[in-house]
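The values are calculated or read from the model by the stated rules, or taken from the named source; none is laboratory data. These numbers were taken from a predicted model, which means no experiment stands behind them. Counting neighbours? That spans all protein chains shown, and the Cβs are built from the backbone with ideal geometry, glycine included. For the accessible areas, the whole protein counts, side chains as well, though only heavy atoms, and no ligand, DNA or RNA atoms are used. Shrake-Rupley method; radii C 1.70, N 1.55, O 1.52, S 1.80 Å.
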Amino acid sequence: MIIYKGSDKEKKALTDADRKGTTGQYIKLSQGVTHYQIDGPDTGKVVILVHGFSVPYFIWDGTYEYLVKQGFRVLRYDQFGRGYSDRPDVVYNEDLYLTQLYDLIKQLRLKIPVSLAGMSHGGKVVTNFTCKHPELVNKVILIDPAYPFEVPSSPKLYTDYYEATHGDERATGQLADFKYPDRHPDWVNKYRVQMQYKGFRNALISTMYNYNYNGRVANTCLNSTHKPVLLIWGKEDHTVPFTFSDSIQSVLKVDFFPVDDAGHLPYIEQAGKVNAKIAEFLKK
């Protein structure tokens, strides 16, 4: 217990005072306050960027800025439990994530249909969302999307203890998403900011155990919606291996864009070519 408390990086509750001076805006949704940023002309096509399992919306910095300059109306947000969004004490399942995205679209009165871009875990969210609300979606972009799902074999209590006592491992492990981690010296420190607020670890663990996702079934469903889909994948991704792209393409019709010399975050490591491809796809 002493080791647990001493190692636990969650020292305080997230408050409005902590949010002062941050970028973006805040909105109260049905499940809590969401941190978001929106920019670009009101007349532009709407694109929503959905981040992955644990890195908040700063993971989209370059792509967000690029698409805004291309004339799109771009929204990015922190999913519940991450960044500066609330950490509600609820089950982090598919319904929570889809409701947050639905609430944002409705309360911000976005022009529909919108296009959705999801990376890694965000790929699950946008795939499931499109299947549930096809009338709200125009196009879908999947970047190295999470595909297999396995509930951890260890009890939640053990997983919580491990995450609490190995916080540095969770933070430094984010560098494994890059092929060239040395090019991102500030990445870990930026990630650690969210770890000080209570509820972050619970959000991750609850998602691990409760967001049930069958990649093949979900992508078969997405195919039935007949939405244009762009699939982007870093060829040297060790987080969600490149070979899963074959499994997705076996059931889902896509515009496939494999990216050389990139890991799990190809739109960061090969920003020029990937962002240009995204813009081209959205403008069609």
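Of all residues in the stretch 108-130 being charged (D, E, K, R) and outside any helix (DSSP H, G or I), which is least open to solvent (accessible area, probe 1.4 Å)? Filtering first and then ranking leaves K111. Of all residues in the stretch 225-251, which are buried (at least 18 other Cβ atoms within 10 Å of the Cβ), small (G, A, S) and either outside any strand (DSSP E or B) or over 20 Å from the mean Cα position of the chain (by Cα) (or both)? Within the stretch 225-251, just S245 meets the criteria. Restricting the first member to the stretch 95-107 and to residues that are open to solvent by less than 40 Å² (accessible area, probe 1.4 Å), and the second to residues that are at pLDDT below 95 and outside any helix (DSSP H, G or I), no beta-carbon pair is closer than 9 Å while six or more apart or on different chains. For the stretch 163-170, check the following and say yes or no: at least one residue is of a type in the set (S, T, N, Q), modelled with pLDDT under 95 and more than 20 Å from the chain's Cα centre (by Cα). Yes, the conditions are met somewhere in the stretch 163-170.
Being closer than 18 Å to K124 by Cα, among the polar types (S, T, N, Q) and at pLDDT 95 or above holds for only one residue in S54, S85, and it is S54.
Checking each residue in the stretch 144-169 for being in a loop (DSSP other than H, G, I, E, B) and surrounded by fewer than 20 Cβ atoms within 10 Å (Cβ to Cβ) picks out P148, F149, E150, V151, P152, S153, S154, P155, H166.
Suppose we keep only residues that are closer than 20 Å to L110 by Cβ and charged (D, E, K, R) within the stretch 54-72. Which one would you say is nearest to the chain's Cα centre (by Cα)? Taking the candidates together, the pick is E65. Of the strands (runs of 3 or more DSSP E) that lie entirely inside the stretch 10-79, those containing 2 or more residues that are among the charged types (D, E, K, R) span 73-77.
When G32, G40, G6 are checked against the criterion of being over 19 Å from the mean Cα position of the chain (by Cα) and either at pLDDT 95 or above or closer than 26 Å to L136 by Cβ (or both), a single residue qualifies: G40. Residues that are of a type in the set (G, A, S) and either touching a residue at least 60 places away in the same chain (Cβ under 8 Å) or not in a helix (DSSP H, G or I) (or both) within the stretch 170-223 comprise A176, G199, A203, S206, G215, A218, listed in sequence order. In this entry, A171 passes the filter for residues that are farther than 30 Å from F72 by Cα and not basic (K, R).
For the stretch 64-77, the count of residues that are under 27 Å from V140 (Cβ atoms), of a type in the set (V, I, T) and open to solvent by less than 50 Å² (accessible area, probe 1.4 Å) is at least one. In the stretch 131-143, is there at least one residue being outside any helix (DSSP H, G or I) and touching an Asp or Glu at 6+ places or on another chain (Cβ under 9 Å)? Among the residues of the stretch 131-143, not one is outside any helix (DSSP H, G or I) and touching an Asp or Glu at 6+ places or on another chain (Cβ under 9 Å), which makes the answer no.
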